[in-house]
1. Give me a count of the residues in segment C:154-174 that are without any contact (Cβ under 8 Å) to a residue 40 or more places away in the chain and in a loop (DSSP other than H, G, I, E, B).
2. Scan segment B:194-218 for residues that are buried (at least 19 other Cβ atoms within 10 Å of the Cβ) and either in a helix (DSSP H, G or I) or among the hydrophobic types (A, V, I, L, M, F, W, C) (or both) and jot them down.
3. Which helices (runs of 4 or more DSSP H) sit wholly inside segment C:235-352 and have at least 3 residues that are within 13 Å of chain A (Cβ to nearest Cβ)?
4. Among the residues of segment B:87-95, are any open to solvent by 70 Å² or more (accessible area, probe 1.4 Å), within 11 Å of another protein chain (Cβ to nearest Cβ) and in contact (Cβ under 8 Å) with a residue 24 or more places away in the chain?
5. Looking at A:GLU80, A:GLU108 in this structure, which one is among the acidic types (Asp, Glu), assigned to a helix (DSSP H, G or I) and without any contact (Cβ under 8 Å) to a residue 60 or more places away in the chain?
6. Out of everything in segment B:106-145 that is of a type in the set (A, V, I, L, M) and under 23 Å from the mean Cα position of the chain (by Cα), what residue ends up being most open to solvent (accessible area, probe 1.4 Å)?
7. Quick one: how many residues across segment B:136-170 are among the aliphatic types (A, V, I, L, M) and either touching a His at 6+ places or on another chain (Cβ under 6 Å) or under 20 Å from B:TRP106 (Cα atoms) (or both)?
8. Given the condition more than 14 Å from chain A (Cβ to nearest Cβ), loosely packed, with under 15 Cβ neighbours inside 10 Å and either assigned to a helix (DSSP H, G or I) or on the phi > 0 side of the Ramachandran plot (or both), answer yes or no: does some residue in segment C:391-399 qualify?
Amino acid sequence: MGIEVVTFSVVNSILYGMLLFLLASGLTLIFSMMGVLNFAHASFFMVGAYFGFEISRRVGFFPALVLAPVAVGLLGALVERFGLRRVHKFGHLGELLFTFGLAFVIEEAVQMIWGRSPQDFQVPAALNFTAFTLFGTGYPAFRLFMLVVAVAVFAALALLLARTRIGLIVKASLTHPEMVSMLGHDVPLVFMSVFGVGSALAGLAGVIAGPVLVTQPSMAAALGPILFVIVVVGGLGSLAGAFVASLLIGFIQTFAVAINLKVADVFGLIGVTQPPAAFGALLSDIWNVSVAQVGPVIPYLLLVAMLMFRPMGLFGKRA
Amino acid sequence: MTDALELRDLRKSFGPVDIIRGVNLSVKKGERHALIGPNGAGKSTLFHLISGRITPTSGQILFEGQNIAGQEPAQIVRAGLSRSFQITNIFPQMTVLENLRCAVLWKLGHRYTFWKRTLGLVDVAEDCERLLHELGLTHRRNDTADSLTYPEQRALELGLAVASGAHTLLLDEPMAGMSHSETEAALRLIMRVTEGRTLLMVEHDMGVIFEMADRISVLVYGQIIATGTPEEIRANPAVQEAYLGTAKEEAA
Amino acid sequence: MTFPMTDTKLADRSAALSVAMPVLTVAVVLILLPNLFGSNAMISTLNYLGTMAIFALSYNVLLGQTGLLSLGHGTFFGLGGFIATHAVLRFVEADIAFPLALIPLIGGVGSFALGSVGGWLASGRGGMPFAMITLGLAELVAAAATLFPSIYGSEEGVSMDRMDLGSSFGLSYGPNVDIYWVIAVWFAICAGLLFFLSRTPLGLLQNAVRDNAERVEFLGFSARRVRMSAYAIAAGIAGVAGSLAALNVEITTVHALGASTSTLVLLMTYIGGTRHFFGPVLGAIVIGLMKIWLSDISPAWMMYFGLMFIFVVMVAPGGLAGILANGRALVRSAGFAPQSPILAGIAIAGGLSVAGLIIVIELAYRAGLDAAKGAEISVLGLPLNAESGLSWATGGVMLIIGVIALRPLLDRLDGKRHAIAQAGGAK
């Protein structure tokens, strides 16, 4: 693997990791404050991409960058107000089932409106150029822009948490979830806002990811399980854990695609070029497995390993 | 004779905060031992440590001579030490009878049996009948636990702790939230069902404590400052200053 | 000559009767069904419903009995199917005359073993961690399956011929109705086993873990072991269901162990009702039939499943079985007559809003996904047009009027019930 591949893969890993963290942070925030694991979180990400696509083809990408997340946030707030709040009395199982059903319905609704095929969500012309050229390969400016947006949101969140009263409440609830119920004033409004802001973050991730990842109805189902791996591996309710786990998954998945290696190649190094016939078809399957194919499996292997050796996750305090 | 329960220099801190700061306590076999102390003294935390809900930072918990510090709650119950909870902790959607059945299964050796019908287990049925009668819940046997009145739920809470067959019981404020007449009835119930067992209980009602306890220990800011008979505790100046004194001020 | 009959004997006899009645009913229904619906298409529908009913029953060991939300139960349905398929292929290859009807036993035992391993990993905690971990494990198996084409086949799956093992038990396994009898017997066995389980100490403890897992620990039990047992048992029975599906369609693909299978069983079980033993069976039948019939006439059938599911979660957590039970109790109660005019009003308003919603959804599909089919569409017998404002207004107005009318009707029903309860109390 050449130095240029490594360099670009590192940049892409950080980019993908930050994108995942944009999603995982909202999920963690909602979970810590409300005790609800939102199975529809990736669906809000997808809705963000579709809203971004619709708005940007009417009034342009940059208005969409603001309007689409706001719209998704409002949608999230409505879902909390008229859905989640009503199932709260049925306990956590009711809430889980509700968000699960919601994810199902959102995927169907997206297909109903936009169809099953991918949308032509283009990189905006203003950002459609090469940012820099390294080792003779150009790096697209839009990807750099994504990175800037993700880092900016991350910085803004960190500042909000550290400097404001709302931030203090949120931070306290991360370490002491039972404290939220003692806030006294207007807990429902706090919940609605948290759910709305979390959804808006997911929506923002959708807008900036839409032109690069493909905007299609399966994008929520593809990303949702990865988000849960991140939250479990990082430790339920830990923002720092979610951050580290996001980057970890970002690196694993990016490098798995970049490494062009098969199991057979490894054996080739030690002079074995054919699978021993004695072990049959299964071994020949393994023989033909490439690292790129294993890529999608690794996050889940990580999940299993984490469960076996450190069930509270990387940064979790609660087992 | 070894004590039923002995705590040796038990400590627990949450981060920088020391909640239990070196507790030494011994509970003799068959005695009714009360644990009192002002709010925030660490009484509930101490119970959580003994029953295995949380693990101590350091120190020993000797139950019948064996160190049980850091063991799982289930192991501690099997060893013969069970507890009730301050906040009612029962099976709300199951009937009273089903609640009790769950509680007697381990003691009677049925454990996770899946090849016999529960209704066919004669020993379970007999034991549950006896418990229902003792707890005064016979007429509510087929009602779900969440439909019981508060004193009935407290009786069931106590019943679950007793039903497990443990000979040492930790009772965490069994009379919490009861009216005066309900407290009287609950006191008689506790005396009746815990007959012949070792008892360590947290309670706020001084009348109850001085009436039933053989010995009393006073916990203040994570340390036991005195242990003795009710008379000794009443006469102890340190206790008066640290605990009864503040109580008088509050009353005044 | 007469014997004096004691109370306990009477109780025994009524208990025996209360067990015998459902058993007899199930047996009679299972025997009658293929005679009532004899066409080949109907038999294959029955076969599908039968496997789904077993699958849903297995899922309810987790969801209803132990209070665990698994998002990866489809894994064991699929794995059972692959185990059964490979078992048939190996037996044929080795020329062993293993009875085909007993193949599901192999699928079930294999899934049970795999479920024990998965359960050990997933059962440390209940609630959300359990849901997330089961999802992760299911994704792991589904992603890993693509790496082993010799076991899981590639896109086209692994197929076999169920007649290759020859006939046994007087069945040649050629016609669909032969498979029906295999499925019917396995349904009776699985339902019987699971019903028995719910009456054992382990079943009781599973309920206790559902209600309050922490207290179970303080009674001397390991909640983890109880969860594990539920997970492994559910996996084993799901493996039987998956094996039967494999025998029925003679092909198993990786889709069988994917997310859509896991979602389907959750929808069936929860919509059917988790608190009644036969609720999941009801759900499997209703959703299964909808899946077969509705998918032919509407592109929106998945949307309807989702909306139905959310409706049940928000309004009727007892599911269809709960609604039926409540309805029966209501009709039998004294308060039914005075309530019935309001109930009729609610039914009309509810029907109106549902009809309006269906019109809007069908129009939306025709305007979006199915725009290529042209704007003309017939919904509920009405000739509508996806480009006509009038069509949209028809559905919209029906929906809005229905919903607006529902609120005061429901309030009046509450008031009426309150009055009836008070009058009853005053007597």
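The values are calculated or read from the model by the stated rules, or taken from the named source; none is laboratory data. Not measured: the values here are computed from a predicted model. Here Cβ is always computed from backbone atoms with ideal geometry, including for glycine, and neighbour counts include all displayed protein chains. For accessibility, only protein heavy atoms count, side chains too; no ligands or nucleic acids. Shrake-Rupley method; radii C 1.70, N 1.55, O 1.52, S 1.80 Å.
1. Residues in segment C:154-174 being without any contact (Cβ under 8 Å) to a residue 40 or more places away in the chain and in a loop (DSSP other than H, G, I, E, B): 5 in total.
2. B:LEU199, B:LEU200, B:MET201, B:VAL202, B:VAL208, B:ILE209, B:ALA213, B:ILE216, B:VAL218
3. C:259-272, C:301-315
4. yes
5. The match here is A:GLU108.
6. Pass one, segment B:106-145, residues of a type in the set (A, V, I, L, M): B:108, B:119, B:121-122, B:124-125, B:131-132, B:135, B:137, B:145.
Filter again for under 23 Å from the mean Cα position of the chain (by Cα), leaving B:108, B:131-132, B:135, B:137, B:145.
Numbers: B:LEU108: 55, B:LEU131: 5, B:LEU132: 0, B:LEU135: 14, B:LEU137: 2, B:ALA145: 0 Å².
Result: B:LEU108.
7. Qualifying residue count, segment B:136-170: 9.
8. Checking segment C:391-399: at least one residue is more than 14 Å from chain A (Cβ to nearest Cβ), loosely packed, with under 15 Cβ neighbours inside 10 Å and either assigned to a helix (DSSP H, G or I) or on the phi > 0 side of the Ramachandran plot (or both).
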